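Heads up: the structure comes next, in structure tokens.
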Amino acid sequence: MRQSGMALISALIFLLIMLLIVSANLFISQMSIKSAQSAQRQLLFEQQALALHLNSVTDTTDDISETDLTVVSRCPASYAVWSDTLVQCDLLTLATSLLSDDSRFATSYSSMLLRQKIVDGEVLSAD
Amino acid sequence: MQTNRASAQFKTSRKTAVQIQQWLKLAPLLAIVLLSLLATVVFCFSALATTATCWRAPAEPRMLEIKGSSSSGPVQRFLHHNEHDGAGQLQLYSADSPLALASLYRWPLPDSTGVAAAFYARPEPLDSDYDGLIDQLISTDIAGRIWLTQVNAAGFGPTRLLADLTQPDWRFIASAGVIDVSLPLLLRPEGLAGRHHKLLLIARNIATGEDALFTVRLPTHVPVSDPIEFDALFDRTVLTEIEREEGLSREQWRNIVNSAGWWARLSGQVTQPPKVVAGVIYSAVATSDFSAETCADQSAEHDIVAMQLHSAGLVYSQRRFRLLNGEGQLKLQRQSDGTAALVLDNTDEQQRVLEDLQVISSACPDCTEQLKLDEFPRWLKLATYRHETGAH
């Protein structure tokens with residue numbers, strides 16, 4: 001009878017020690033906080049990557065070299081149409097990617113941009 | 001002996017008489033064949049004879065980039081439209097051979113298959129799938145029949161008759177291009193596809209020598225519909241007083257856009273290819289000194305005609321503007337404030353035709369805005385997408 005009581009107490013003490021060790025580990029590693037925040041961090045990162053991409057789209061449209069553009073044979077359909085001989089359309093595919101500081105996340109975005117340009121020689125200057 | 005010789009001669013002459021009789025029996029048949037051949041030739045020549053030579057622009061072979069086999073990429077082909085015994089035909093050439101790769105001279109007609117009239121209008125190449133390569137051709141013969149032909153590197157594919165605008169008085173002499181139209185939801189009649197191709201044609205009246213502008217909405221739907229006929233086009237030659245004062249009503253707009261296209265007489269002869277600028281067609285026409293026999297080369301009076309592309313309605317206070325002379329090419333001119341003007345540009349001087357050009361707006365059937373040329377080059381973002389690598 002006394003022996004079974006001792007075994008029960010030993011088991012309880014062992015479980016208590018294990019519980020303390022596991023709790024301490026969880027507390028030190030902040031695993032629960034990290035797991036709770038990971039989704040949010042991912043979203044923030046995605047948003048950051050998209051913002052970077054859209055910024056670079058704006059920058060690109062200001063300064064682009066002609067070699068990156070693909071000439072398309074016809075401009076897409078529109079309401080206020082121009083003759084093919086007056087307006088030329090070029091297509092640009094722009095890709096940006098972002099890697100997080102700790103290299104755990106990587107996201108890349110691509111955009112298809114269309115440039116409509118009046119054919120050289122069709123527009124005269126007023127001067 | 002003499003009797004035998006006489007009987008032999010008699011037999012020979014009888015045989016000849018029988019042969020002559022046999023030929024005489026065939027004579028009506030031969031006469032019918034010869035007469036019908038003669039009639040065909042006369043008909044072909046009379047169709048051409050009614051048009052003055054100056055109605056036709058020189059037909060230069062046109063270079064097309066066509067999809068080749070998957071490994072070789074695009075291939076270059078030359079398209080030529082000419083006549084074979086008075087009938088219109090298309091020929092496709094490769095760059096390194098004087099022999100035609102393929103010829104197309106049998107065309108589907110409303111009831112059967114037959115020959116086309118001469119091609120005065122240049123065939124228009126189309127890129128139907130936007131891959132940068134030509135895969136279809138729109139051909140219009142002088143009688144006003146419009147065909148859609150599939151084309152590939154090896155030759156011509158199936159051909160479909162899209163329209164038969166044949167009229168006794170009109171000859172379709174030039175094409176002003178194919179444009180891709182997209183109608184905004186607010187202005188789109190129910191049941192009409194948002195996107196379609198529109199073919200612009202110039203036809204000349206054989207009685208008066210006057211030109212008319214035709215726009216035809218090309219049928220795109222499958223199964224194949226009946227060919228469009230002349231009567232299905234909306235006559236927009238005359239603008240009513242109500243339309244001049246109050247603008248185009250919604251109902252009128254719906255009727256015009258829902259029809260197969262519109263046409264309008266220009267009261268003159270077109271002197272250069274019309275230009276479509278921001279949804280407005282500008283045509284330079286000579287309004288005097290022309291007839292069905294003589295072209296308006298030395299015309300004293302010239303007009304510029306401006307019409308809304310989709311409805312032929314008013315864009316400015318009036319459709320026609322008088323020009324001092326018709327010399328020079330129609331060009332756009334960028335003003336210092338970014339607005340646009342239309343000028344006739346020749347080597348000596350620039351004649352200002354119209355100032356403050358307008359762009360059609362989708363807010364209402366006849367809404368317009370000021371055209372700003374300093375917006376160009378204009379960038380449109382077609383799509384943004386995220387690359388996904390691995391599972392998330």
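The values are calculated or read from the model by the stated rules, or taken from the named source; none is laboratory data. A quick note: this is a predicted structure, and the numbers were derived from the prediction, not measured. Virtual Cβ from ideal backbone geometry, glycine too; neighbours counted across all protein chains shown.
Miscellaneous remarks
- A Cβ distance below 6 Å, combined with a sequence gap of six or more or placement on separate chains, defines the contacts here; from segment A:107-120, residues that are touching a residue at least 60 places away in the same chain (Cβ under 8 Å) reach residues that are part of a strand (DSSP E or B) in the pairs A:Thr107/A:Leu98; A:Tyr109/A:Thr96; A:Tyr109/B:Arg386.
- Each residue in segment B:186-200 was checked for being away from chain A (no Cβ under 14 Å) and modelled with pLDDT of 90 or more, and 0 pass.
- So B:Thr166, is it within 21 Å of the chain's Cα centre (by Cα) and within 17 Å of B:Gln89 (Cβ to Cβ): no
- Flag for B:Gln272 being free of Cβ contacts under 8 Å to residues at least 12 places away in the same chain and not acidic (Asp, Glu): no
- The strands (runs of 3 or more DSSP E) found wholly in segment B:279-324 and carrying at least 1 residues that are within 14 Å of another protein chain (Cβ to nearest Cβ), touching a residue at least 12 places away in the same chain (Cβ under 8 Å) and aromatic (Phe, Trp, Tyr) occupy B:280-286.
- Pairing each residue of segment B:60-89 that is more than 30 Å from B:Ala143 (Cα to Cα) with any residue that is polar (S, T, N, Q), provided the two are 6+ apart or on different chains, yields C-beta distances under 9 Å for B:Lys67/B:Asn152; B:Gly68/B:Asn152; B:Val75/B:Ser69; B:Val75/B:Ser94; B:Gln76/B:Ser94.
- A search for C-beta distances below 6 Å between a residue of segment B:147-163 that is on the phi > 0 side of the Ramachandran plot and any residue that is part of a strand (DSSP E or B) and small (Gly, Ala, Ser), counting only pairs 6+ apart in sequence or on different chains, returns B:Gly155/B:Ala102.
- Unique match (being surrounded by 19 or more Cβ atoms within 10 Å (Cβ to Cβ) and in a loop (DSSP other than H, G, I, E, B)) among B:Ile142, B:Ile146: B:Ile142
- Test for B:Ser46: is it modelled with pLDDT under 85 and either over 24 Å from the mean Cα position of the chain (by Cα) or in a loop (DSSP other than H, G, I, E, B) (or both): no
- The set of residues from segment B:244-266 being touching a Phe, Trp or Tyr at 6+ places or on another chain (Cβ under 7 Å) and either buried (at least 20 other Cβ atoms within 10 Å of the Cβ) or of a type in the set (Asp, Glu) (or both) comprises B:Ile256, B:Gly261, B:Trp262, B:Trp263.
- Residues being buried (at least 18 other Cβ atoms within 10 Å of the Cβ) and outside any loop (DSSP other than H, G, I, E, B) are represented in segment B:233-243 by at least one member.
So that you can scan it fast, the table gives a plain yes or no per residue for (1) out of contact with any Ser or Thr (no Cβ under 6 Å at 6 or more places or on another chain); (2) farther than 17 Å from B:Tyr120 by Cβ; (3) of a type outside the set (Ser, Thr, Tyr):
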site: B:Gly157; (1), (2), (3): yes, yes, yes
site: B:Leu161; (1), (2), (3): yes, yes, yes
site: B:Trp170; (1), (2), (3): yes, no, yes
site: B:Ala174; (1), (2), (3): yes, no, yes
site: B:Asp180; (1), (2), (3): yes, yes, yes
site: B:Leu185; (1), (2), (3): yes, yes, yes
site: B:Lys198; (1), (2), (3): no, yes, yes
site: B:Asn205; (1), (2), (3): yes, no, yes
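- Of the residues screened, A:Ser29 is one that is farther than 26 Å from B:Gln333 by Cα and either surrounded by 10 or more Cβ atoms within 10 Å (Cβ to Cβ) or out of contact with any Asp or Glu (no Cβ under 8 Å at 6 or more places or on another chain) (or both).
- For segment B:325-337, taking the residues that are assigned to a loop (DSSP other than H, G, I, E, B) and facing chain A (nearest Cβ under 10 Å), the one that is surrounded by the fewest Cβ atoms within 10 Å (Cβ to Cβ) is identified as B:Ser336.
- Segment B:278-291 - residue that is small (Gly, Ala, Ser) and surrounded by fewer than 17 Cβ atoms within 10 Å (Cβ to Cβ) and, of those, modelled with the lowest pLDDT: B:Ser291
- When B:Pro110, B:Pro123 are checked against the criterion of being under 15 Å from B:Ala163 (Cβ atoms), away from chain A (no Cβ under 13 Å) and surrounded by fewer than 15 Cβ atoms within 10 Å (Cβ to Cβ), a single residue qualifies: B:Pro110.
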